[in-house]
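Okay, structure first, notes after.
The values are calculated or read from the model by the stated rules, or taken from the named source; none is laboratory data. This structure is a prediction, so every number in the text was calculated from the model and none was measured. Cβ placement follows ideal geometry from the backbone for every residue including glycine, while neighbour counts extend to all protein chains displayed. These area figures cover heavy atoms from the full protein model, side chains too; ligands, DNA and RNA do not enter into them. Shrake-Rupley method; radii C 1.70, N 1.55, O 1.52, S 1.80 Å.
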Amino acid sequence: MSRKYDPELVKKIQEKQYKEVKRGVEIIVKPIPDSDIKGAVDPRLYKSLKKMGLLMKFMPKNLMKMDGSPKSNERLRKIFNSVDSTPIVTEKVEQIHQTVKAEDGYEIPITIFKSEKTLSNAPILYFIHGGGFFAGRTEVVAEALKLFVTTTGMIAVGVDYRLAPENPYPLGHTDCFNVLKWIGEQATKLGGDRKNIFVGGDSAGGNLTLYCSNRDIEEGTQLVRGQILLYPTVNMGGIKDQYTTFTLDDIDMYEKHEALIKPGIEMFSQAQDMLEKILGSNDVMNKYLTPYADVSPKSPVTMISSGEHDYLTIESLAYAKKLKDLGVDVTFTYYCGLGHAYIDHIGNYPQAEDCINDIAAFIRKNKV
C-alpha cells in the first residue's frame with residue numbers, strides 16, 4: 001500500500017524544523033509540515049480524533065475506563081494491540097522468530113529484522129514496544145522496524161516481554177535486560193557489531209529501555225552504546241519539582257482543537273495512577289520504575305522524542321534536563337500537533353517516518 005500522505009511532507013518537516021529552549025532544554029521543534037496554526041492538531045491525526053470523538057459520544061464511558069480490573073485490561077489490550085500502521089515497505093525483510101531463555105526458564109519471544117542489504121558488522125537497534133506494561137506487541141511497531149532496516153542496512157530486534165498484571169514487576173523488566181545480554185553474546189552471529197548496540201523503546205518501552213541502560217551501567221556489561229526514548233514513562237512515582245510540575249496552560253492548544261486534545265492528556269494522567277496496581281508493585285518510587293529519581297552521569301548518549309500534546313512530554317523534558325545537567329549528550333525532538341504513540345503510525349503520519357530517519361541519523365552519528 002502507499003503512504004496516506006505526500007512523501008514530500010517528510011522533507012518539509014526537516015526543512016521547517018528549528019531549535020529553541022523549552023523548560024531549560026534545547027529541543028528540535030518539528031512543525032506540522034502543512035499547517036502553521038500554533039497549537040493545532042496535525043490534519044491527519046485530527047481526522048482520527050474526530051472519528052474517535054463521534055464514536056465516544058455513543059459509547060458507555062466505562063468502556064474506556066482504566067481501573068486495572070481484568071475486564072478493563074482485556075478491553076484495552078485489544079485497542080493497544082491493534083496494528084495501526086499502513087504498510088509502505090516494499091523491499092523484502094527477513095523476520096526471524098526465536099526465543100531467549102529467562103533466568104526462570106521462560107522462553108522470551110524475540111523477532112530479528114534484517115533487510116536484503118544488511119551491512120557487514122551492522123549496528124543493532126534493540127527496540128522494546130510500549131503498551132502500559134500490560135499490553136502491546138512487537139507487531140505493533142513492526143512496520144517501523146522494517147522501514148528502519150531497509151533504509152539503513154542495520155539490524156533490529158524486537159522483544160515480546162512478559163506482560164503485567166499476570167506477570168508482575170520485575171518480570172517484564174528482567175526479560176528485556178536478559179534479551180539485551182543475549183544480543184551482546186550473539187551480535188556477531190546475527191551479523192551485528194557488539195560495540196554498537198542501541199536500545200530504544202516507546203512509552204512503557206522507554207521505561208524498559210532505561211532499565212536496560214541502568215542495569216548495563218550497574219553490572220558493567222558495557223553493551224549499550226546509546227538509548228532512544230520515544231515519549232517515555234520516566235516519572236511513575238509522580239515526583240514534583242520545578243521541571244515536572246505543570247498545568248494544561250503549559251501546553252499549547254489551538255482553541256478550536258482543545259476538545260480533541262484535552263481528553264487524551266486527561267486519560268494518560270489517570271492511567272499513570274493505575275500503573276502501580278497493574279505492575280503489582282507497592283514501590284513505584286524505586287529507581288527502575290521512576291528513573292527520574294536517580295539519573296546516572298554514566299548514562300549513554302540519548303535521543304528523546306515526544307509530541308506537543310502528550311501528557312508524558314513534560315516529564316520527558318525534565319529527564320532530558322537532568323541528563324544535560326550531568327553532562328550527558330541529549331538530542332530532543334518535539335513534534336508539534338501530535339500526542340502519543342506516533343511511531344505506531346508509519347504510513348499514516350509523515351512524522352513517524354521522519355522519526356525513523358532521525359533514529360537512523362542518531363545511530364550513524366554516535367556509533368563507534
Please state, to two decimals, what the Cα-based radius of gyration of region 222-360 comes to when divided by 2.2 N^0.38 Å (N = residues). 1.08
If you take all C-alpha pairs in region 143-194, what percent of them are over 18 Å apart? 47
Carbon plus sulfur, as percent of the 1.4 Å-probe accessible area of region 301-359, comes to 45
Calculated [θ] (222 nm, deg cm²/dmol) that DSSP helices of n ≥ 4 give over the chain, each run adding -39,500 (n - 2.57): -12000 deg cm²/dmol
Accessible area per residue of the chain at 1.4 Å probe, in Å²? 44
Using the crude model of +1 on Lys and Arg Cβ and -1 on Asp and Glu Cβ, and no other charge, please compute the dipole size for the chain relative to its Cα centre, in debye to 20. 500
Around residue 168 (Cβ within 15 Å, Cβ-to-Cβ, excluding residue 168; K/R +1, D/E -1) the net charge comes to -3
Please give the Cα centre distance for region 142-156 versus region 275-333, rounded to the nearest Å. 25
How large is Rg over Rh for region 79-120, taking Rg from the Cα atoms and Rh as the Kirkwood inverse mean of 1/r across Cα pairs? 1.11
Quick one: work out Rg over Rh on the C-alpha atoms of region 93-196, Rh as Kirkwood radius. 0.97
Averaging the inverse of every distinct alpha carbon separation and then flipping it gives the Kirkwood radius. What is it for the chain, in angstrom units? 20.6
Under 9 Å, Cβ to Cβ, from residue 39 - net charge with Lys/Arg +1 and Asp/Glu -1: -3
In the neighbourhood of residue 198 defined by beta carbon distances under 13 Å, the net charge of the other residues (Lys, Arg +1; Asp, Glu -1) is +3
Please state, rounded to one decimal and in Å, the Kirkwood hydrodynamic radius that region 210-295 gives when every pair of distinct Cα atoms enters the mean of 1/r. 15.3
Bins of 10 Å from zero: percent of alpha-carbon pairs in region 145-250: 13, 40, 30, 14, 3, 0
Tell me the carbon and sulfur percent of the accessible area for region 122-260, rounded to whole percent, probe radius 1.4 Å. 46
Give the carbon-plus-sulfur fraction of the accessible surface of region 1-44 in %, rounded to a whole number; probe 1.4 Å, heavy atoms of protein chains only. 51
Greater than 24 Å separation of Cα atoms is the criterion. Which listed pairs, 117/367; 47/92; 38/262; 101/287; 101/277; 19/365, meet it? 47/92; 101/287; 101/277
If you put +1 on each Lys and Arg Cβ and -1 on each Asp and Glu Cβ, how big is the dipole of region 76-173 around its Cα centre, in Debye rounded to 20? 120
